[in-house]
Amino acid sequence: MKKILLLTSMILMVASACNRDFDQPNPNSPTIASFWKSEVDAIKGINAVYSTFHRSAALYSRFLFYHGMLRSDEGYGSGGDITLNNVMSFNQTNYNEGLTAGTWQNLFIGVFRANQVIAYVPTIEIDEVLKNRIIGEAKFLRGLFYFNLTLYFGRPPIILEPSEPTDRPSNATNAEAWAQVEKDLTEAATTLPLSYTGDDLGRATRGAAMGLLGKTYLQQSKYQEAATALAFFITGEGKGLYTLTANYQDNFKASTENNSESVFEVQFRFNPNENTNDDVDETRINNTGTSIAQFYAPRGVGFSDGGARRWLIGEFKKENTALGTRDPRLPVTLLFDSTDVRGPLSTMVYGRTFASRYGTNTGESSAVWFRKQLNDNEAGRTEEGFRSPNNLRLLRYADILLMYAEALNGIGQTAQAFPFVNTVRVRAGLRPLNLAAGWNQVQFLGQIKHERITELTGEGWRFADLQRWGDLGPELAARDPEFTNFVKNRNEWYPIPQSDIDLNPNLTQNPGY
């Protein structure tokens, strides 16, 4: 899949010219009518949709980590980017600010690209299986883009055809937006294959569609529908296709990508000659890596723009393994004074001890950083950069198991949910939960909340979890002071960019803004 990041000037067209009539077609550029003709065109078209993931900092290269982690109670803006810090602390006054408006705009660029594939690939005479697969990939990707638009903005307009400059779509309701995500993912699952080989490894599979569909239902507390979708992995076609890796850290290393636990990964590739993040500029070399490691890496190595909250450490320490040792997921998840259990004199931070960089303070004021996006596990690594090749594991089998357990609990099948939580716990060396203890639904959901912290912290799902559970609010200020600023029925969503509202009178702003 690292080789499918090919681009095409038509699908990635952007307006750029000097002193010319903008209504006059560029005779050197392909048009829609001349482009969608062959199998090669169809493949280039779908590859361009995937390219949206890293076309700028606004999506999975950086900003979606901020939205999912720093906006939740697990992280905060910890560096010198004042705008980032304000937005993450619910103190946003500029509704055109690039952090949120850029994400909105780039998600819609992804929607635009997917819409072209869905509209024009059916007109091409190619193998029907390949044609249907490509359309399925585009529907999966459009579903993913709309998942994020709905999660973070609540009421996006639904655009299902290639856009025209005169389009003025209205906001969908939140329910309508989620319904479109469900429809895209359901349709995608019918044509996507169970797996790929060779250069196609990493494309969207049927499991990816069913996993994201299950997450979509669960996000709306549609527990029965979520359980039915996620049963694909337990009793359906996906049974046996995925397994937990023996080594938890293998899910976060560039050397162990696309492994047995991976349901869907955003593919990144190191390109030492890159000189642009703009994937529509074919005169330059595009950055196909991710910059998140540079922005999350500790002070003295990276920019330290995103810090982790220290309360997370205590969550991991609530119970030891069956052998009496510390939860092994803690040092994989967080970099802090005692990532090495022996303390700051033994904890290594990019070739130097924590003590030599930051002192021996182990109190509440001692910094904590997210580790899963970093590359410090590589031998000899002393710095980060803007082109990390480390894939984002967007959906993991461990997440599937915990979601399935939550869905079963939601429909009153709490006893049946235990084995799926225990599978995740046992991989970490913890004792299985005791069914005989007589757990009720509320107690089991509380345990699920704990399990998702210890298993999934730093992977970008925390804000979605809190939103789904109805746990967002000022009461979180005890563990994250920034939630003092949180306003109920307002800050669950970002503001829709004011520039879009100014251009489109049919769009309205989100409540409270």
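The values are calculated or read from the model by the stated rules, or taken from the named source; none is laboratory data. Bear in mind the structure is a predicted one, so any value in this text is a computation, not a measurement. Glycine also receives a Cβ, built like all others from the backbone with ideal geometry; neighbour counts cover every protein chain displayed. Note: accessible area is taken over every heavy atom of the protein model, side chains too, but ligands, DNA and RNA are not part of it. Shrake-Rupley method; radii C 1.70, N 1.55, O 1.52, S 1.80 Å.
Quick one: with all protein chains in place, what share of the accessible area of segment 167-209 is carbon or sulfur, to the nearest percent (1.4 Å probe)?
Values: 940 of 1770 Å².
In segment 167-209, the share of accessible area belonging to carbon and sulfur is 53 percent.
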May I ask you to evaluate 6.51 cos²θ - 1.76 cosθ + 1.60, the Karplus curve with θ = phi - 60°, for each residue of segment 248-264 and list the ³J(HN,Hα) values in order in whole Hz, giving x for glycine and proline? 3, 5, 4, 7, 9, 10, 5, 7, 10, 6, 6, 8, 5, 8, 7, 9, 7
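On a 1.4 Å probe surface of the protein chains, which of GLU282, GLU137 comes out largest in accessible area, and what is the full order? Before the final figure, lay out the partial values.
Working: GLU282 105, GLU137 0 Å².
Sorted descending by solvent-accessible area, the residues read GLU282, GLU137.
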Report relative contact order for the chain in percent, whole number only (criteria: Cα-Cα under 8 Å, sequence separation at least 6). 19
Through the Karplus equation 6.51 cos²θ - 1.76 cosθ + 1.60, θ set to phi - 60°, convert the phi angles of segment 131-147 into ³J(HN,Hα) values in whole Hz; use x for Gly and Pro. 4, 5, 4, 4, 5, x, 4, 5, 5, 4, 5, 5, x, 5, 4, 6, 4
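Could you work out what % of the accessible surface of segment 335-421 is carbon and sulfur, using a 1.4 angstrom probe and leaving DNA, RNA and ligands out of the count? Provide the component values of the computation, followed by the final result.
Numbers: 1550 of 3210 Å².
Taking all protein chains in place, segment 335-421 shows 48 percent carbon and sulfur surface.
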At 1.4 Å probe size, with every protein chain present, just tell me what the per residue accessible area of segment 112-198 comes to in Å². 38
Within the set of other residues whose C-beta is less than 9 Å from the C-beta of ASN377, count the net charge using Lys and Arg as +1 and Asp and Glu as -1. +1
Qualifying trypsin sites (Lys or Arg not before Pro) in segment 184-288, DSSP loop, other Cβ atoms within 10 Å at most 11: LYS239
Amide H contacts under 5 Å for ARG396, placed H, 5+ residues apart: VAL263
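How much mean residue ellipticity at 222 nm does the chain get from its helices, if each DSSP H run of length 4 or more adds -39500 (n - 2.57) and you divide by all residues, to the nearest 500 deg cm²/dmol? Show your work: numbers first, answer last.
Numbers: 17 runs with 192 residues, N = 513.
The helix-only estimate for the chain comes to -11500 deg cm²/dmol at 222 nm.
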Enter the Cα centre distance for the pair segment 166-190 and segment 64-121, rounded to the nearest angstrom. 19
Rounded to the nearest 10, the angle in degrees between the Cα long axis of helix 414-427 and the longest principal axis of the Cα atoms of the chain comes to 80
Carbon and sulfur atoms: what percent of the 1.4 Å accessible area of segment 238-278 do they account for? 45
Can you tell me the 0 to 90 degree angle between the C-alpha axis of helix 39-51 and the longest principal axis of the chain, rounded to 10? 40
Out of the DSSP beta bridges found with both residues in the chain, what percent are antiparallel (nearest 5)? 85
For ASP327, the residues 5 or more places away or on another chain with a placed amide H closer than 5 Å to its own amide H are THR321
What is the set of long-range amide H partners of GLY385 at a cut-off below 5 Å, with H atoms built 1.01 Å from backbone N? GLN294
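D for the chain, whole µm²/s, Stokes-Einstein with Kirkwood Rh over alpha-carbon pairs at 10 °C and 1.306 mPa s: what number? Walk me through the intermediate numbers first.
On the way: Rh = 23.7 Å.
My calculation gives 67 µm²/s for D.
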Mind pulling the angle between the C-alpha long axis of helix 98-120 and the longest principal axis of the chain? Nearest 10 degrees, somewhere in 0 to 90. 50
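Got the relative contact order for segment 39-156 handy, in percent, Cα pairs under 8 Å and 6 or more residues apart?
Answer for segment 39-156 is 31 percent.
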Roughly how many Å is it from the Cα centre of segment 266-341 to that of segment 473-513, as a whole number? 27
Treating cross-link reach as a plain straight distance, find the lysines whose alpha-carbon is under 23 Å from the alpha-carbon of LYS488, omitting any fewer than eight places away in the same chain. LYS222, LYS449
